[in-house]
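Notes follow the structure.
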Amino acid sequence: MENKEPAIEIKNLTKKYGKHRGVINLSLKVERGDIFGFLGPNGAGKSTTIRSLLGLIAFWEGRASILGMDVKSRQKDILKEVGYMPSEAMFYPSMKAGDIIRFAADIRGLDCKKEASMLCERLGVDLHKRIDELSLGNRKKISIVCAMQHKPKLFIFDEPTSGLDPLMQAEFFKLILEYNKQGAACFLSSHVLSEIKTYCRHAAIIREGQLICTDTVENLTKTNAKRIHMIKDGKEENFVYKGDLDKLFAGFFGHHIEDITIEEPQLDEIFMHYYEEGQK
Amino acid sequence: MTLYKHEMKQNSKGFLIWTLCVGLTCLGCILLYSSLENSVKDMADSFSNMGSVSTALGMDKMSLATLRGYYATEIAMMHNLLGAMFAAILGTGLLSKEEAGHTSEFLYTLPIRREWVVFQKYLAFLSNILLFNLICAGMYLLGFLYMGEEINGKEMALFHFATSLMQIEIGTVCFLVSAFVKRNLTGAGLGISIMLFAADMMCRILPAIENLKYVTPFYYSNAADIFTEGRLNGAMLAIGAGITIVSFLIALFRYRSKDLTP
């Protein structure tokens, strides 16, 4: 019988670094087969969440599971089914690209030659180059191959496209969609909002270690937030407004409104709005 | 054992450099003995009567007038110190190099238990130390053969067994340090080995700090003691083995729950 447990389930996860917060009481769920975007600025807690899931750092409050397996007790089983790509693709500098890819497959105890060769061909990986001769973009390509060659059930990507040229970014997402069609789920941490809007079905926004909201990307863009563009008292104003429009209009009393346009905001505007709201 | 092979390969360059440098330097000193022989024989008596210096270097027990004595007091001391430095360099980098080189996110997100990582890395360290000592001992034996000197196999075996344990002990203490830090502390490792070497010299001279002999593993790997007594100091070896095992277990326990940074 097929396991229907969520791809990722986090309940009340709290991780602190001494007195500094990492993430606080974070809960979210990623269903199997989903492509889930995890949005937040630098230092918001995205990487802390991911590292907690992968067992790189320990957390003492809350619990988390991947593919129905507890992240604390079944770390090795989880990592067999996960393809992870860190934001900084760092490898052993004296090794060649091909050796790194083979090393990752050998540790898994799998023969991934066929899949690795297909991935290397599509991404244009030069297997004979030493790691210390490669740019960040080329190291990222090796990281993609290492994350995908064993056809995992869940991908976890932390800022995957930084350093990749636009063509490679397109190829990368093409690959994700192909694996996703075969049933793999994808958890994508990013602050590139267009990527989330284009490729993700669900998304969560994290700020200062706390989850602000999680919903479908469609619903997130259909909030009552509006982009207001107007000329008031001869001055042009452009802002995102979230709330009761009657109150907004009541505030215009006594002002001269020459022109006003109200439209649906873009995802990045909603994202920024959440942040501005949180900072007030 | 993929990680074991990987570690051995990663360390191969350093291993070759250290083994050849130490082995060839000591072999060169053995071969030089024939040209020094006459002058050393003349000075042997004065060397053995230099009071505390003679005691520290073991020249009160062994005479420089023979190649055997020259080996026990000079060559073995050089091998001990350089071997300990090599072990310290290996030990300090063993675990911390993943975080220092930013490869921890790659290695520890592969399906391998941390305990197994620690075990395979430590096994690679042990292999390096044992191979280092085997190759060096082989070179020294060739030197003895070339010089036409009779070899006491038991003495040589006991000394190289003791010096291997001493290097393993120092390397394991550095391995323990490595489990707590995020960067390579090679300097600290070298400092530990030199301090322990100095502690051995001093505790032989000053009765007030004689108890340092229980702390420094150079004490039980002193070739002059081993060659004159024809046996190893079991109690000291047991203390050394205890320190090694406890250091390894603490390192393992600490590393299991350590937060790894990219």
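Below is a table of values for the structure above.
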item	result
Single unsatisfied condition, A:Thr49 versus (1) within 12 Å of chain B (Cβ to nearest Cβ); (2) within 18 Å of the chain's Cα centre (by Cα); (3) not in a strand (DSSP E or B)	(1)
Filtered residues of the range B:187-237 (kept if farther than 16 Å from B:Met85 by Cβ, β-branched (Val, Ile, Thr) and surrounded by fewer than 19 Cβ atoms within 10 Å (Cβ to Cβ))	B:Ile205, B:Ile209, B:Val215, B:Thr228
Whichever residue in the range A:170-214 is of a type in the set (Asp, Glu) and at negative phi and, among such residues, is modelled with the lowest pLDDT	A:Glu195
Only one of A:Ile131, A:Ile144 that is in contact (Cβ under 8 Å) with a residue 40 or more places away in the chain, of a type in the set (Val, Ile, Thr) and over 20 Å from B:Leu3 (Cα atoms)	A:Ile144
Per-region count, the range A:85-95, residues under 18 Å from the mean Cα position of the chain (by Cα), within 7 Å of chain B (Cβ to nearest Cβ) and surrounded by fewer than 24 Cβ atoms within 10 Å (Cβ to Cβ)	1
Matching residues, the range B:214-262, being outside any helix (DSSP H, G or I), out of contact with any Asp or Glu (no Cβ under 8 Å at 6 or more places or on another chain) and within 30 Å of B:Gly153 (Cβ to Cβ)	B:Tyr220, B:Ser221, B:Arg231, B:Leu232
Residues that are buried (at least 22 other Cβ atoms within 10 Å of the Cβ), more than 14 Å from chain B (Cβ to nearest Cβ) and either over 15 Å from the mean Cα position of the chain (by Cα) or in a strand (DSSP E or B) (or both), drawn from the range A:1-40	A:Ile8, A:Ile10, A:Leu13, A:Leu26, A:Val30, A:Ile35, A:Phe36, A:Gly37, A:Phe38, A:Leu39
Only listed residue being closer than 24 Å to A:Asn25 by Cα and touching a Leu at 6+ places or on another chain (Cβ under 6 Å), chosen from A:Gly98, A:Gly45, A:Gly137, A:Gly62	A:Gly62
Residue list for the range B:72-114, restricted to those being within 14 Å of chain A (Cβ to nearest Cβ) and in a helix (DSSP H, G or I)	B:Gly93, B:Lys97, B:Glu98, B:Glu99, B:Ala100, B:Ser104, B:Glu105, B:Phe106, B:Leu107, B:Arg114
Residues satisfying the stated conditions in the range A:98-122, i.e. more than 11 Å from chain B (Cβ to nearest Cβ) and in contact (Cβ under 8 Å) with a residue 12 or more places away in the chain	A:Gly98, A:Ile101, A:Cys112, A:Glu115, A:Ala116, A:Leu119, A:Cys120, A:Arg122
Qualifying residues in the range B:13-40 (those that are of a type in the set (Ser, Thr, Tyr) and surrounded by 12 or more Cβ atoms within 10 Å (Cβ to Cβ)) - the one farthest from B:Met77 (Cα to Cα)	B:Ser34
Yes/no for A:Met90 being touching an Asp or Glu at 6+ places or on another chain (Cβ under 8 Å) and closer than 30 Å to A:Leu167 by Cα	yes
Meets criteria (assigned to a helix (DSSP H, G or I), free of Cβ contacts under 8 Å to residues at least 12 places away in the same chain and closer than 30 Å to B:Thr103 by Cα) for B:Ile209	no
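The values are calculated or read from the model by the stated rules, or taken from the named source; none is laboratory data. Since we're looking at a predicted model, the values are computed, not measured. When we count neighbours, we look across all protein chains shown, and the Cβ atoms used for this are built from the backbone with ideal geometry, even at glycine.
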